[in-house]
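The values are calculated or read from the model by the stated rules, or taken from the named source; none is laboratory data. Quick caveat: nothing in here was measured; it's all calculated off a predicted structure. When we count neighbours, we look across all protein chains shown, and the Cβ atoms used for this are built from the backbone with ideal geometry, even at glycine. When the accessible area is computed, the model is the full protein with side chains, heavy atoms only, and any ligands, DNA or RNA have been set aside. Shrake-Rupley method; radii C 1.70, N 1.55, O 1.52, S 1.80 Å.
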Amino acid sequence: MDPLSLALEAAPKALVYVAVLLAVGTCAARSLFRRRVSFDAPPHAAALVDRTCASLAITAALLAAVGLLLRAWGHTAASFGIIEAFDWQNLRLIAWESDWGGGWRRQCAAALVFGVCAWSITQWGDAGWSLADLGAVALCYAIPLTGHAAGEPGPLLLHGTHVLAGGLWLGTLTATALVTHVAGAGDVRVAPGEPPSLRPDMLARFFPLALTGAVVALATGLAEVV
C-alpha cells in the first residue's frame, strides 16, 4: 500500500476516533457539571454550560458522520487506487458487499442514532441527554466492528471499553476545557467582582474521572496488546 493511500485511510479513521472521544467527553462533562457543580453555580451558568455541551455533542455527531463517509472512500482508495475510488461500483463493493462494509454500516447506524440523540437534547433537555449518554456508549462499542476485533465478542468488548475509557479521560478533558473557556469568555461569575467560577470547580472534579479513565484505558490497551 502506498503512503498516500495509507494516509487516506488512516486520516478519516482518526477523525472518527476524535469524534467518538468528544461525544463521550461531552456527555461526561455535562453530567459532571450537573451532578457536582451546578448547585454552586448561578442559573445562567448552568444554561450556558448546557448550550455549549449540546453544541459540542452535535459537532461530535457531525464529525463522526463525515469521518465515516470519508472512511468508506478511503478504504476504497486503499483497495483500488485513488482514481478508481470514485467509481460507484467499487464504492458499493466496499461499503455494501464486503465484510468490512457490514461493520461500517453498523458504525454509521450508531453515529446516526447518536446524532438524533444529540439533536433531541435541544428538544427534550435532560431526557435528551440520557439518550445521548446511551448513544455515545453504543458508538464506542461500534468502533471495533471494522477492526481486528470484529466478530469476536471478547476483543470487541475490550476495544470498546478502551475507547470509552479514552473518552472519559481525553474526551472529558477536552470538553471540560472548551466549556470552561466559553464560561470564562462569557464572564460567568457567582457574584460581581469574583473570578469565573466554573473553571476551578469543573477541573477539580474532573480529576477522579480522568484518573479512572486513564487507568482503564491503559489496562485495556495492555490487554489488547497481550
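Taking the mean number of other Cβ atoms within 10 Å as a proxy for protection, how do you rank 6-16, 165-175 from highest to lowest?
165-175, 6-16
Just to verify a number: what accessible area does I94 come out at with the full protein assembly present, 1.4 Å probe, Å² rounded to tens?
Accessible area, nearest 10 Å²: 20 Å².
Which three lengths, in whole Å and largest first, does the range 65-116 cover when its Cα atoms are put on their principal axes?
Principal-axis extents of the range 65-116 (Cα, largest first): 34, 20, 15 Å.
What is the sum of charges, Lys and Arg at +1 and Asp and Glu at -1, for the other residues whose Cβ falls under 12 Å from the Cβ of A111?
Around A111, the charge tally is +3.
Give the accessible area for V216 in Å² (nearest 10); use a 1.4 Å probe, count only protein heavy atoms, and leave out ligands, DNA and RNA.
Accessible area of V216: about 50 Å².
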